[in-house]
Amino acid sequence: MNNDTTAPAIELKGISKAFGPVQANKDISIRVMPGTIHGIIGENGAGKSTLMSILYGFYKADKGEIFIGGQKTEIPDSQAAIAAGIGMVFQHFKLVENFTVLENIILGAEDGRLLKPSLAKARKSLLELAAEYELNVDPDALIEEIGVGMQQRVEILKALYRQADILILDEPTGVLTPSEADQLFRILGRLRAEGKTIILITHKLREIMEATDTVSVMRRGEMTATVKTADTSPEELAELMVGRKVLLQVDKTPPTLGDVVLDVQNLRVVDEQGVERLKSISLNVRAGEILGIAGVAGNGQSELLEVLGGYADGTGSVTLNGEAIDLTGKYSDGKTRRARGIAHVPEDRQREGLIMDYSAWENTAFGYHDDPAYQSGIFINNAAIRQDTEEKMERFDVRPPNPRLAAKNFSGGNQQKIVLAREIERNPDLLLIGQPTRGVDIGAIEFIHQQIVALRDQGKAILLVSVELEEILSLADRVAVMFDGHIMGERAAGETDEKELGLMMAGVET
Amino acid sequence: MDFFTLIQILDATVRLAIPLLLACLAGLFSERAGIFDIGLEGKMLAAAFFSAAIASMTGSVWIGLLAGIAASLFLSGIHGLASITFRGNQLISGVAINFLAAGMTVLIAQSWFSQGGRTPSLSGAERFNPINFPGALTTTNEVKAASPLMQVYSELLSGHSLLVYVALLTVPMTWWLLYRTRFGLRLRAVGENPAAVDTAGVSVVGLRYAAVAICGILCGIAGAYLSTALQAGFVKDMSAGRGFIALAALIFAKWRPWHALYATFLFGLFQALELRPDVIEAVIGMKVQGQFLGALPYIMTVVILAGFVGKAIPPRAGGEPYVKER
């Protein structure tokens, strides 16, 4: 087939969308050819999701035109998008948890007022779709009882059941193990072979290189380039995303190991529902070392950080520099931990690391507000805190360097820098750091990684929890994999690879 | 306690459980769609007043019933506007409706009838009168002398007003609507995850308004029942906390229609026993304070909420206004 005579599956012409003063999309034009996988890559806030929301009828563009299969199409709501053959798999699944797979699939696409015939029809076509695309699911399983990989299949099946020819996937691999992600890409390949058009939105360069035919890069609301994937490289894409050259690899020397700083033996955590979240964990971190904890989200990593950080109770033995730490009771709190030299950069910076409506300087004082340098008699010396914050912001390149600005007005990367500055500058013996670069743009990732490595080189112990395997592999000296509340195994970072760790993350003994 | 007394108590149970049942199902529709409604009480009260007032003025209980439903729907509309369209706090809106109804009914009653906040007593066609089944005995003495089966037929099954039978039919209808129709599937979905409904191309706002409207109609019938069937006229605060007991029953029933029937009948039984302290004393051999029986529904609800008798999980999106986001 000749591309010149085929109408593009989707063509956007001059799409603009502003939210107040923020121009989320600026004059964006893009052509997606049928039967291809088209990647859209860009940093957080580059406008990818806004663009796709316009395409799915969530927002109305201020300017611009949409053509589907060569026909000019208005998409005022999701109903119109579905009618135009567009299916969307959101990053956060839109499924009803206590409904069955089948009920979720027919929701909104029932054939008539009574459910029975609709369900029977859906069951039949579900089996056909399953066979056609290797998308096997149990139609009668409840959503809350199946894994995220399965839930994602249900979302894809939902779109296919509505006869979508164009499938948009927004950050589809965020919640998947590497093997589940591979499986997803196989399914996408199969869909492409059947003539479906797929738009893959991601910030992961590797996925773009592996899965797509064409890739469009977005930066600050603009489409900066569209290139054939075969003609580009991860380095070039990163540069297009950020607007300057980026170091994708972390520069670091072999570690100089010191004494054991953190020693954890048989740590157990049982949550309020009586579910055992940590099942007898043992690990240690030495001075001058980064221990990376890999694993799919929800396998006990959060609980580990919470217990060590002092805001959840546990049982077992934890020592810092050879001295025991209380895991329950009066002295088991964040303040005592900080006084002992444990700094904590929590996983969810917007909920646990910062108070979003408070200013940067107030946030910088949190947890350290008893610092004598911040006092003036019985009052808190706000000017001193602001001064200190300003200096920290400068050292950590926080932009804009204005201590009076509320935390919510900084970008994700700059928020993280504020938290990092607060914790690292206290010269802790041990740094607990969760998801250091979640929602952080590439430029800031580079800086944050450098800071973590610099801290290690000062002889500090670092416990790093991340769901990004690439991040673990590039930062950590040693990797422990968590699965279902226990440690599947430990590997030296140099002696393992994504494949092995991926299997361990899925609970496979290796 | 003889058999006839038992039948009498059960008969009272039915009569007292009906307004609870209707209000409970009203709450069920609203809460299943994700709109918490603590304004059941206020809606019932307003409906009770307007049914009685209009029935008294027109001489027709049917016009009264329509007026009651309209009043309740009006308050539902306010609740919908505040909590669906303007995404306000559903509890605050509900509280406001309760206050509004409590004050407004007495005020208008005084202004219209000048009887100290009451409506005139209703009689004849101004009320829903008991329907006697064919062959059913009507006087107490006749029933007392009849066979047990005849007692059940005449006292318990026969002799209720039309609204009682309507309310009982509402239970299977609600179940069928919720679990067997497209509307029910969408309604349940919108209370669990409105984003799923929205992305499937169905209007969240439309569904929620529909649910709130059904809630208004059922509350309207419940209120009309209070003033035109159970009693003969409106008196101040005559809903007497039934809207709140209905909410308790809804939790007790874990938001399921058939269980709502069981829960409201259990709570209706407590209310019936509250009126017959002599029977309790005769059966268990000690005096029980009427207030204790009045408090029992709430105590049982707390026990349920504490998770002693299985977990009561409310619809997951309940109380949260839906804001489109990704």
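The values are calculated or read from the model by the stated rules, or taken from the named source; none is laboratory data. Since the model is a prediction, treat every value here as computed from it, not as a measurement. Cβ atoms come from the backbone with ideal geometry, glycine included; neighbour counts cover every protein chain shown. Calculation scope for accessible area: heavy atoms of the full protein, side chains included, ligands and nucleic acids excluded. Shrake-Rupley method; radii C 1.70, N 1.55, O 1.52, S 1.80 Å.
For chain A, the longest principal axis of the Cα atoms and the long axis of helix A:412-424 meet at an angle of about 20 degrees.
Annotation note: GluC sites (Glu not before Pro) in region A:1-82 located in DSSP loop regions with a Cβ neighbour count of at most 14 within 10 Å are A:Glu74. Computed over chain A, relative contact order equals 15 percent, with contacts defined as Cα pairs under 8 Å that lie 6+ residues apart. Counting only other chain Cβ atoms within 10 Å of each residue's Cβ, the peptide B:181-193 averages 5.
Across peptide A:104-110, the mean count of Cβ atoms from other chains lying within 10 Å of each residue's own Cβ comes to 6. Peptide packing: for A:466-477, B:22-33, A:375-386, A:17-28, the average count of neighbouring Cβ atoms within 10 Å per residue gives the ranking B:22-33, A:466-477, A:17-28, A:375-386, highest mean first. Centre-to-centre separation between the Cα atoms of region A:15-34 and those of region B:1-72: 54 Å. Principal-axis analysis of the Cα atoms of chain B puts helix B:242-252 at an angle of about 70° to the longest axis. Other residues lying with their Cβ under 13 Å from the Cβ of A:Val101 contribute a combined charge of -4, Lys and Arg counting +1, Asp and Glu -1.
Computed from label points 7 Å out along Cα-Cβ, the spacing between B:Leu157 and A:Glu470 is 7.4 nm. Residues of region B:194-219 whose accessible area (probe 1.4 Å, heavy atoms of protein chains only) drops by at least 40 Å² once all protein chains are present, relative to their chain alone: B:Ala196, B:Thr199, B:Ala200, B:Gly201. For A:Asp441, the residues whose modelled amide H falls within less than 5 Å of its own, excluding neighbours fewer than 5 places apart on the same chain, are A:Gly413.
Both radii are taken from the alpha-carbon atoms of the protein assembly as shown; with Rh as the Kirkwood radius, Rg/Rh is 1.05. Placing unit charges on the Cβ atoms of the charged side chains and taking the dipole of chain B about its Cα centre, the candidate lying farthest along the positive direction among B:Pro172, B:Val283, B:Ala229 is B:Pro172.
Distance from the Cα centroid of region A:476-494 to that of region A:243-321 is 10 Å (rounded to whole angstrom).
Around the Cα centre of chain A, unit charges on the Cβ atoms of Lys, Arg, Asp and Glu (plus for the first two, minus for the last two) sum to a dipole of about 1200 debye.
The rule of thumb for compact globular proteins, 2.2 N^0.38 Å, goes into the C-alpha radius of gyration of chain B 1.02 times. Each DSSP beta bridge with both residues in chain A is either parallel or antiparallel, and the antiparallel ones are about 55%. Could you give the angle, 0 to 90 degrees to the nearest 10, between helix B:162-180's Cα long axis and the longest principal axis of the Cα atoms of chain B? Tilt of helix B:162-180: around 30 degrees. A crude spin-label estimate for the pair A:Arg123 and B:Asn89, with each label 7 Å from Cα along the Cβ direction, gives 4.7 nm. In the protein assembly as shown, helical runs assigned H by DSSP with n ≥ 4 each contribute -39500 (n - 2.57); averaged across all residues and rounded to the nearest 500, the mean residue ellipticity at 222 nm is -14500 deg cm²/dmol. Spherically averaged projected area of the convex hull of Cα atoms, region A:10-242: 12.7 nm².
Contact order, relative form, for chain B: 34 percent (alpha carbon pairs under 8 Å, 6 or more residues apart, mean separation divided by residue count).
Per-residue shielding of A:73-85, expressed as the average number of other chain Cβ atoms within 10 Å of the residue Cβ, stands at 2.
You can think of it this way: the chain between A:Asn284 and A:Gln91 has 66.0 nm of extra reach, that is 0.36 nm per residue less the Cα-Cα gap. Taking the protein heavy atoms of the protein assembly as shown in the context of the full set of protein chains, the accessible area attributed to carbon and sulfur is 55 percent at 1.4 Å.
Distance between the 7 Å Cα→Cβ label points at A:Glu276 and A:Asp77: 5.1 nm. Our compactness index for region A:47-171, the C-alpha radius of gyration over the empirical 2.2 N^0.38 Å, is 1.10. Across B:Phe49, B:Phe133, B:Phe270, mean-square fluctuation computed from a Gaussian network of chain B (C-alpha pairs under 10 Å connected) peaks at B:Phe133.
With a cut-off of 9 Å between beta carbons, the residues surrounding A:Arg438 carry a summed charge of -2, where Lys and Arg count +1 and Asp and Glu -1.
Ignoring lysines fewer than eight residues from B:Lys43 along the same chain, the ones with Cα atoms less than 16 angstrom from its Cα are B:Lys236. Debye-formula intensities of region A:370-473, expressed as log10 I(q)/I(0) at q = 0.20, 0.24 Å⁻¹, are -1.09, -1.35 (one equal scatterer per alpha-carbon, no solvent).
Counting only protein chain heavy atoms and rolling a 1.4 Å probe, the accessible areas of B:Tyr322, A:Tyr56 rank, largest first, as B:Tyr322, A:Tyr56. Ordering of B:224-236, A:124-136 by packing is B:224-236, A:124-136, highest average first (other Cβ atoms within 10 Å, averaged per residue).
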